[in-house]
Amino acid sequence: MPDVYARTALLPDGWADDVLLSMDDAGTITDVLRGASRRASTAGRLPGVVIPGLPNVHSHAFQRGMAGLAERRGAPGESFWSWRDRMYAFAARLGPDDVEAIAAQVYVEMLEAGYTAVAEFHYLHHGPDGATYDNPGEMGERLFAAATRAGIGITLLPTLYRAGGFGGRALAPEQRRFLSDAAGYARRLEAAARATAEDGERALGVALHSLRAVPPDDLAPTLAVADAVAPGCPVHIHVAEQEREVEECLEWSGTRPVDWLLDHAPVSARWCLVHATHASGAELGRVARSGAVVGLCPTTEANLGDGIFPLRTLLDAGGAFAIGSDSHASVSPVEELRWLEYGQRLARRERTVTAALPAGSTARTLLEHAWRGGAAAVGRSVGSLSPGRRADWIVLDPDHPVLAGRDRDDLLDAWIFAGNANPVREVWVGGRRVVADGRHPARDEVASRFRRTVERVRQTG
Ligand SMILES: [Zn+2]
């Protein structure tokens, strides 16, 4: 692939001018040259400030189709659990074509917002009645197809879902389509592994839905299957999202959920603990020492009334985090990072909570975590403009009013904390430009299929 030139780019050791980025035909960066203006005359010029693309470490793509549809007050009031009932009812109306159409829409939205990779936490395995599709990997393949259509990198996380609650409680009827037995789960992983072969934008990981849904005896065999199919792949799990979940875990085991997980599973840097909202300080210290990444989804956690994650506690312990858009109430790294920081400010009545260093930029600190933790959680070589990483980046328009008169870290702070207009001008994934002039070329076509899908689903509801 031809070289490209950036007037200013954020490299692993800081801002650099006159940067020439070289990549191979497979979409991997091969060389990063500074002070390159002479050679750059033949290279394509990137129209703005170049920074790595953001990994989105937690997505349930189908939920984009119901965003905004669970905002009416019920009796006696709405909670995460009543939202979940609505989500199950919505999911029950979706077939493979619908999931593919909705996923393509949300993936295009992610790219235009600056996400270049997504980890898809996928548990909608079967038909609405719980019957297995003829192809057990059907739904996973639809998610891959949607990602390829959009041009986003994807780590598919086929999810193990075995029980309806702590202690191996039976599944509710509306959870049947999530169910996996050991053999079926292994087949789905193998099918997904075949679909990732020789495609640099696809990868495979595993997800354990939660401690509610995965009995202890299933942990070790699932990880063994994962390592046989995709050695060293990322492992994701929802944990401690709700206080009720913490109480139920205490009742069941006498231990808090994050402690229980750390006591019984080989949690390490390949793990992504999603939410961990109600982890104690002691638990977060253990998480930090394990090297695991905490997957934070601030706009969904706000939408669902989960609570505020104690970020400063994790950071003081040296822990890692990344961001995800989860239910897609919002699809924007800006909103996730902004609300992550704002939640801390509101809870602590302080400013610039995430930026620990004197004079350090809050946005730069947030972004560096999201890149580093995000790369680990998606299990792909992304999140950095350096040789060996995927050629995934975004180009911010320095002339956009949101960024006018700002440069370097000030420009990042303006992007995350000022205004609502989107100054992402170009997005590149694997060395290919997938968003130009702020627009995905398939935006209209993908949106019209999405519109037809959500209209039809509404009529069947
Ligand atoms: Zn989730």
Next item on the list: At 1.4 Å probe size, with no ligands or nucleic acids counted, give the accessible surface of Asp24 in Å², nearest ten.
Entry: 60 Å²
Next item on the list: Starting from the alpha-carbon convex hull of segment 253-319, give the projected area averaged over all orientations, in nm².
Entry: 4.5 nm²
Check: Where the convex hull is taken over the Cα atoms of the chain, what is its projected area averaged over directions, in nm²?
Finding: 21.3 nm²
Note to self: Rg and Dmax in Å for segment 30-180, alpha carbons only: what are they?
What the structure shows: 20.1, 68
Checklist line | √(5λ) per eigenvalue of the Cα gyration tensor, segment 130-208, largest first, Å | finding: 26, 12, 12
Notebook entry, point to check: Hey, what does the equivalent ellipsoid look like for segment 183-262, semi-axes from the Cα gyration tensor as sqrt of 5 times each eigenvalue, largest first, whole Å?
Noted result: 29, 13, 10
Check: About the Cα centre of the chain, what is the dipole size in debye to 20, counting +1 per Lys and Arg Cβ and -1 per Asp and Glu Cβ, all else neutral?
Finding: 440 debye
Check: Could you give P(r) for segment 141-292, binned at 10 Å from zero, as whole percent values over all Cα-Cα pairs?
Finding: 11, 38, 34, 15, 1
Next item on the list: Give the Debye-formula value of log10 I(q)/I(0) at each listed q (0.15, 0.22, 0.25 Å⁻¹), with one equal scatterer per alpha carbon of segment 49-131, two decimals each.
Entry: -0.66, -1.10, -1.23
Checklist line | For segment 248-392, alpha-carbon Rg over 2.2 N^0.38 Å | finding: 1.05
Checklist line | Convex hull projection area averaged over all views, segment 308-384, Cα basis, nm² | finding: 5.5 nm²
Check: Taking the alpha-carbon set of segment 82-169, what are its Rg and Dmax in Å?
Finding: 14.1, 43
Check: For segment 396-461, what value does the Rg/Rh ratio take when both radii are computed over Cα atoms and Rh is the Kirkwood radius, given to two decimals?
Finding: 1.18
Check: Leu250 to Asp217: extension gain in nm, 0.36 nm per residue of separation minus the Cα-Cα distance?
Finding: 10.0 nm
Next item on the list: Under 18 Å from a label point 7 Å along Cα→Cβ of Thr352: give me every residue in segment 389-408 with its amide N that close.
Entry: 406-408
Next item on the list: Quick one: divide the alpha-carbon radius of gyration of segment 291-353 by 2.2 N^0.38 Å and tell me what you get.
Entry: 1.06
Note to self: Please list, in order, the residues from segment 12-47 whose amide nitrogen is less than 14 Å from a point placed 7 Å along the Cα→Cβ vector of Arg433.
What the structure shows: 43-47
Margin query: Give me the one-decimal nm value for the distance between modelled label points at Ala282 and Thr148, 7 Å along each residue's Cα-to-Cβ direction.
Written below: 5.0 nm
Check: Taking a point 7 angstrom from the Cα of Tyr133 along the C-beta vector, which residues in segment 43-65 have backbone N less than 20 Å away?
Finding: 59-65
Next item on the list: Would you kindly state how much longer the chain becomes between Ala172 and Asn420 on full extension, computed as 0.36 nm times their sequence separation minus their alpha carbon distance, in nm to one decimal?
Entry: 85.2 nm
Next item on the list: Taking each pair of different alpha-carbon atoms in segment 4-73 once, compute 1/r for the pair, average those values, and report the inverse of that mean as the Kirkwood hydrodynamic radius in Å to one decimal.
Entry: 14.9 Å
Next item on the list: Give the calculated FRET efficiency between Arg289 and Arg345 to the nearest 0.05, with a Förster radius of 30 Å applied to their Cβ-Cβ distance.
Entry: 0.65
Item checked: Fraction in percent of alpha-carbon pairs per bin - 5 Å, segment 1-118 -> 2, 9, 14, 14, 13, 10, 8, 7, 8, 8, 4, 2, 1, 0
Note to self: Can you give the local net charge around Pro12? Use residues other than it whose beta-carbon is closer than 11 angstrom to its beta-carbon, Lys and Arg +1, Asp and Glu -1.
What the structure shows: 0
Checklist line | Range of Cα positions in segment 364-430 per principal axis (Å), largest first | finding: 35, 22, 19
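The values are calculated or read from the model by the stated rules, or taken from the named source; none is laboratory data. Quantities reported herein were computed from a predicted structural model and do not represent experimental measurements. Every residue, glycine as well, gets a Cβ built from its backbone with ideal geometry; the counts of neighbours run over all protein chains shown. These accessible areas exclude ligands, DNA and RNA; they are computed on the full protein's heavy atoms, side chains included. Shrake-Rupley method; radii C 1.70, N 1.55, O 1.52, S 1.80 Å.
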